[in-house]
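Have a look at the structure below, then the notes.
The values are calculated or read from the model by the stated rules, or taken from the named source; none is laboratory data. What you are looking at is a predicted structure, and each value in this text was computed from that prediction instead of being measured. Neighbour counts are summed over all protein chains in view; Cβ atoms, including those assigned to glycine, are modelled from backbone coordinates with ideal geometry.
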Amino acid sequence: MEEALVTLLLADGTLSGLVGTRINWGVRPQANSTLPAIVLNRITGVRDYSLDGPTNLISSTVQCDCYGQSYGSAKQAARALMGVVNGYDQTASGVQFQRISIESERDTNETESPGRYLFRCSIDIAIWHDE
C-alpha cells in the first residue's frame, strides 16, 4: 500500500507540480530542505476478519504532513493532496483501494531557527485496501 499511495500522489500533476518528488515515508530528508514537501506516517493498520477468517482487507490510517515555508504553501499542498485521495476507490500500482477518505485536519508551525518558521498542515486519511 505504501508504495502505491506514493505513486498515486506523484501521478497527480497539480500535487507533483507543487512538491516535485518530495513525498517520503517517516522523515523529511534534511539534505533536501526544499519545500513544500510531504511526509507520510502509517499510524494504524487493522486487518479485517469474517467468521470464515481473514478477508484480506486492511483499514489503515495515514498521517500526511504537508510542510511549507509559508502557511499558504503548506495549505496549498494539503488541498492538492486531499483533492487526489478524497473518495478515491480504484486500483493503483496493483493495490485495490476500496476507499480513501479524509478523517481530520490540523495546522501547526514550528521554529526551525530564530526568525524562521516551518508550517505544517496535517491530514489523517482512512484507507481501506487489500494486502
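Within the range 15-42, being closer than 13 Å to residue 77 by Cβ, within 12 Å of the chain's Cα centre (by Cα) and not β-branched (Val, Ile, Thr) holds for 15, 22, 37, 40. Where helices (runs of 4 or more DSSP H) fall wholly inside the range 1-97, the ranges with 3 or more residues that are in contact (Cβ under 8 Å) with a residue 12 or more places away in the chain and either in contact with a Leu (Cβ under 6 Å, 6 or more places away or on another chain) or under 30 Å from residue 115 (Cβ atoms) (or both) are 13-19, 71-85. Can you confirm whether the range 74-86 contains a residue that is surrounded by fewer than 16 Cβ atoms within 10 Å (Cβ to Cβ), at positive phi and modelled with pLDDT of 95 or more? Among the residues of the range 74-86, not one is surrounded by fewer than 16 Cβ atoms within 10 Å (Cβ to Cβ), at positive phi and modelled with pLDDT of 95 or more, which makes the answer no. Within the range 50-73, the set of residues being in contact with a strand residue (DSSP E or B) (Cβ under 9 Å, 6 or more places away or on another chain), surrounded by fewer than 17 Cβ atoms within 10 Å (Cβ to Cβ) and hydrophobic (A, V, I, L, M, F, W, C) comprises just one member, 57. Look through the range 7-32, keep the residues that are of a type in the set (A, V, I, L, M) and loosely packed, with under 14 Cβ neighbours inside 10 Å, and return whichever of them is farthest from residue 81 (Cα to Cα). In this case the residue turns out to be 31.
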